[in-house]
Amino acid sequence: MPMIQEILASSLRGALVALGVDPLPASIPVERSNRPELGDWSSSVALAAAKATGRKPRELADELVARMALDPPAYVAEMSVAGPGFVNFRLHDRWLHDVLTEVVEGGVDGYAAHDLGHGERVNVEFVSANPTGPLHVGAGRWAVYGDALCRILERCGYGVHREYYVNDRGVQMGLFAASLAAAKAGEPIPEDGYQGQYILDWAAEMPDGADPVVWAHQRVLADIGGALSSLGVEFDTWFSEQSMVESGAIDAALADLRASGLVDKRDGATWLRTTDLGLDKDEVLLKTGGEPTYFLGDIAYHRDKFTRGFTRLVDVWGADHHGHVARLKAGVGALGHDPDELEIVLGQLVTIMKAGQVVRMGKRSGTFVELAEVVDEVGPDVARLTFLLQSIDTRQTFDLDAVVSKSMDNPVFYVQYAHARIASIAKVAAERNVPRYPLEMVDLSELVHPRELDLLRSLGELPEVVADACRTRAPHKVATWVRELAGRFHGFYHDCYVMGEGVTHEQTQARLWLVEATRIGLAVGLGLLGVSAPDSM
RNA sequence: GCCCCUGUAGCUCAGCGGAUAGAGCGGCUGCCUUCUAAGCAGCGGGUCGCAGGUUCGAGUCCUGCCGGGGGCGCCA
């Protein structure tokens with residue numbers, strides 16, 4: 001909570017006590033006013049507290065204002081009552097000038113950083129697409145979302161570990177290798193096999209005598225890793241499902257489940273009685289042939305993550321895995337873990353449009369559009385911001401033609417252009433030998449233009465935006481904030497020259513620092529999104 | 001049938017229970033003799049899917065309906 005908010009809330013609380021309001025409201029709401037003509041901040045306490053005290057909201061608000069006027073809170077220039085009983089505070093511009101100082105003192109590394117996590121170790125698993133072919137564009141959403149979420153968690157004091165679960169075991173993997181082998185031998189692709197062009201391309205690459213299973217594994221992971229790298233996404237761990245067969249981790253998980261007394265054998269298969277855990281049906285752990293299911297593997301995998309010392313697991317899945325959520329949580333619970341320590345973020349799916357048509361994604365049919373292809377074409381920044389500007393809870397339509405051809409008016413350039421303009425100001429200042437004096441020597445009260453104050457208002461919101469984005473797992477909130485900050489900077493840039501004719505030395509100094517604070521804000525915001533902040537465009 | 005997400009401007013989307021619902025794109029119109037016009041400004045555009053409910057106050061919360069997407073495999 002910004003300091004100013006606490007100051008106002010505390011003053012309001014004092015006035016409520018002095019007026020004998022009892023019981024006090026549980027919290028004192030103080031919000032930024034969306035009515036600038038009425039004030040900078042406002043509180044609706046009077047509306048909430050009036051009923052309990054039997055007074056009219058406006059009367060109570062008037063009394064609060066009168067009381068607070070005896071000892072006005074810091075920064076407050078004027079208090080008034082408006083509407084149904086809002087207490088409005090108009091502040092001296094000094095509170096915004098102090099925001100500037102806070103931003104500069106915090107710097108790119110410290111401003112809007114928090115300690116919400118107290119160093120808690122969080123394992124974030126994302127993408128985890130089947131290693132049976134290249135990533136398709138839609139997977140880019142999980143990659144970029146997961147990575148941005150990790151960056152935000154890190155800034156909020158969590159120890160973050162990025163992880164990719166490689167489902168390199170099971171039916172699909174076998175089909176993939178068999179498809180490659182068949183293509184290499186010039187035989188038809190097996191029924192239910194993978195038909196994409198990449199199968200033919202990779203088969204041609206595969207050396208004679210290579211074990212298709214081993215080679216396919218290595219080839220596909222190199223491809224997936226490369227695509228993610230080009231998007232700026234790097235994982236700490238690529239966790240192999242197959243390795244758990246070899247290490248005995250799957251057997252160990254099964255043994256633990258058996259110890260829970262919830263395991264049955266029937267119809268030739270081994271089941272977990274998830275109905276006893278509140279689900280609609282039981283789930284198979286070992287298939288009739290004795291093969292572990294994906295479900296058992298995933299339980300073992302999450303057990304492993306806990307064993308490695310993570311106290312919070314975040315999985316980012318596409319909504320098409322919705323059906324797996326309840327049973328995995330139940331499975332984790334059966335092992336004695338608190339299911340709430342496993343948090344599953346379901347992202348809504350991406351629809352790809354090309355030439356006005358929906359492109360149906362199917363690795364087996366081979367009709368998908370590769371992520372790597374798109375990133376090559378538009379670059380990581382455009383790809384990232386396009387994914388990140390939208391809430392993960394809404395279905396996203398990724399129009400390839402629009403993203404590619406209109407890339408010149410993509411929001412990413414709008415934001416980056418603001419950063420480039422800042423760099424340009426610094427360059428020109430250097431050329432003209434305009435120094436920037438130490439902040440404590442500069443009179444920030446020169447900053448009075450609405451454009452300047454709006455810019456500072458946005459900068460002052462960043463800490464809350466970051467904390468909120470972290471708590472709600474919503475990186476898009478940072479993305480929309482960055483876009484707004486850039487917009488306000490462009491307005492400032494247009495109306496308020498930093499140097500030149502008609503600008504006093506004092507204004508130049510104050511504005512140079514305002515520009516520096518904006519640079520920090522942009523760098524922090526873009527950094528959290530993994531979008532570059534170029535010095536020239 | 002049950003579960004999850006969603007419905008806001010022509011389009012794509014924002015919008016901690018607060019006052020007169022915003023942005024970008026598209027359309028029309030202005031602004032480059034000072035730091036990058038990839039910019040700024042103005043105009044036009046809305047029964048926030050529908051109906052109830054809770055509340056001093058609902059785009060926001062609850063219920064029901066309608067529309068869209070996804071899920072309910074011994075696939076992963």
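The values are calculated or read from the model by the stated rules, or taken from the named source; none is laboratory data. Bear in mind the structure is a predicted one, so any value in this text is a computation, not a measurement. Don't worry about glycine lacking a Cβ; one is built from the backbone with ideal geometry, like all the others, and counts go over all protein chains shown. What goes into the accessible areas is simple: the full protein's heavy atoms, side chains included, and nothing from ligands, DNA or RNA. Shrake-Rupley method; radii C 1.70, N 1.55, O 1.52, S 1.80 Å.
Rolling a 1.4 Å probe over the protein heavy atoms gives segment A:396-481 an accessible area of 48 Å² per residue. Computed in the context of the full set of protein chains, the accessible area of segment A:3-92 at 1.4 Å probe radius has 53% of its extent on carbon or sulfur.
Cα gyration tensor of segment A:410-529, axes a ≥ b ≥ c as square roots of the eigenvalues: rounded (a/c below 1.5), prolate (a/b > b/c) or oblate?
Numbers: a/c = 2.19, a/b = 1.80, b/c = 1.22.
Judged from the Cα gyration tensor, segment A:410-529 comes out prolate (a/c at least 1.5, a/b above b/c).
Ranked by the mean number of other Cβ atoms within 10 Å of their residues, highest first, the peptides A:79-90, A:221-232, A:391-402 come out as A:79-90, A:221-232, A:391-402. For A:His302, neighbours were defined as the other residues whose beta-carbon sits under 10 Å from its Cβ, and their charges (Lys and Arg +1, Asp and Glu -1) total -2.
How would you classify chain A from its alpha-carbon gyration tensor, with a ≥ b ≥ c the square roots of the eigenvalues: rounded for a/c under 1.5, else prolate if a/b is greater than b/c, otherwise oblate?
Oblate.
By the Cβ rule of 4.7 Å, chain A holds the following cysteines without a possible disulfide partner: A:Cys150, A:Cys496.
Working from Cα pairs under 8 Å separated by at least six residues, relative contact order for chain A is 16 percent.
The 1.4 Å probe gives accessible areas that order A:Thr288, A:Thr386, largest first, as A:Thr288, A:Thr386. Dipole orientation for segment A:380-537: of the candidates A:Pro534, A:Thr397, A:Val434, A:Thr397 has the Cα lying most toward the positive pole (charges on Cβ; Lys, Arg +1; Asp, Glu -1). Counting only protein heavy atoms and a 1.4 Å probe, segment A:46-200 has 40 square angstrom of accessible area per residue.
Please say if segment A:3-92 is rounded, prolate or oblate, where rounded means a/c under 1.5 for a ≥ b ≥ c the square roots of the C-alpha gyration tensor eigenvalues, and otherwise the choice is prolate for a/b larger than b/c and oblate otherwise?
Values: a/c = 1.63, a/b = 1.35, b/c = 1.21.
Cα axes put segment A:3-92 in the prolate bin.
Take every Cα pair under 8 Å whose residues are at least 6 apart in sequence, average their separation, divide by the length of segment A:410-529, and the relative contact order is 40 percent. Estimated purely from DSSP H runs of n ≥ 4, each contributing -39500 (n - 2.57), the mean residue ellipticity at 222 nm for chain A is -16500 deg cm²/dmol once divided by its residues. Residue by residue, segment A:507-518 carries 3J(HN,Hα) couplings of 4, 4, 4, 5, 6, 4, 6, 5, 5, 5, 5, 5 Hz when phi is fed to the Karplus relation 6.51 cos²θ - 1.76 cosθ + 1.60 (θ = phi - 60°); x denotes Gly or Pro.
Coupling constants for segment A:310-318 follow from the phi torsions by the Karplus curve (6.51 cos²θ - 1.76 cosθ + 1.60, θ = phi - 60°), and in residue order they are 7, 9, 9, 10, 10, 10, 9, 10, x Hz; glycine and proline get x. Between the residues A:Thr472, A:Phe492, A:Val415, the greatest Cα displacement towards the positive end of the dipole of segment A:410-529, with unit charges on the Cβ of Lys, Arg, Asp and Glu, is found for A:Thr472. Each residue of segment A:437-445 is assigned a 3J(HN,Hα), and the resulting list reads 6, x, 3, 5, 8, 9, 8, 6, 5 Hz, derived from the Karplus form 6.51 cos²θ - 1.76 cosθ + 1.60 (θ = phi - 60°), x at Gly and Pro. Only Lys, Arg, Asp and Glu carry charge here, each on its Cβ (+1 for the first two, -1 for the last two); on that basis segment A:410-529 has a dipole of about 540 debye about its Cα centre.
Estimate the FRET efficiency between A:Arg308 and A:Thr367 by the formula 1/(1 + (r/R0)^6), using the beta-carbon distance for r and 35 Å for R0, to the nearest 0.05.
Working: r = 38 Å, r/R0 = 1.10.
FRET efficiency, A:Arg308 to A:Thr367: 0.35.
Heavy-atom accessible area with a 1.4 Å probe sorts A:Met3, A:Met173, A:Met353, largest first, into A:Met3, A:Met353, A:Met173. Residues A:Lys354, A:Lys477, A:Lys56, ordered by accessible area of protein heavy atoms at a 1.4 angstrom probe radius and largest first, appear as A:Lys56, A:Lys354, A:Lys477.
Let me confirm the definition first: pairs of Lys residues in chain A, 8 or more apart or on different chains, C-alpha distance under 17 Å. How many are there? If you can, show how the numbers build up before the last one.
Working: A:Lys265/A:Lys281; A:Lys265/A:Lys287; A:Lys281/A:Lys329; A:Lys305/A:Lys329; A:Lys354/A:Lys406.
Taking chain A as the scope, the lysine pair count is 5.
Give the carbon-plus-sulfur fraction of the accessible surface of segment A:235-358 in %, rounded to a whole number; probe 1.4 Å, heavy atoms of protein chains only.
Carbon with sulfur: 50 percent of the solvent-accessible area.
Within segment A:163-210, what whole-number % of the accessible surface is contributed by carbon and sulfur, with the 1.4 Å probe and all protein chains included in the calculation? For segment A:163-210, the apolar C and S fraction of the accessible surface comes to 51 percent.
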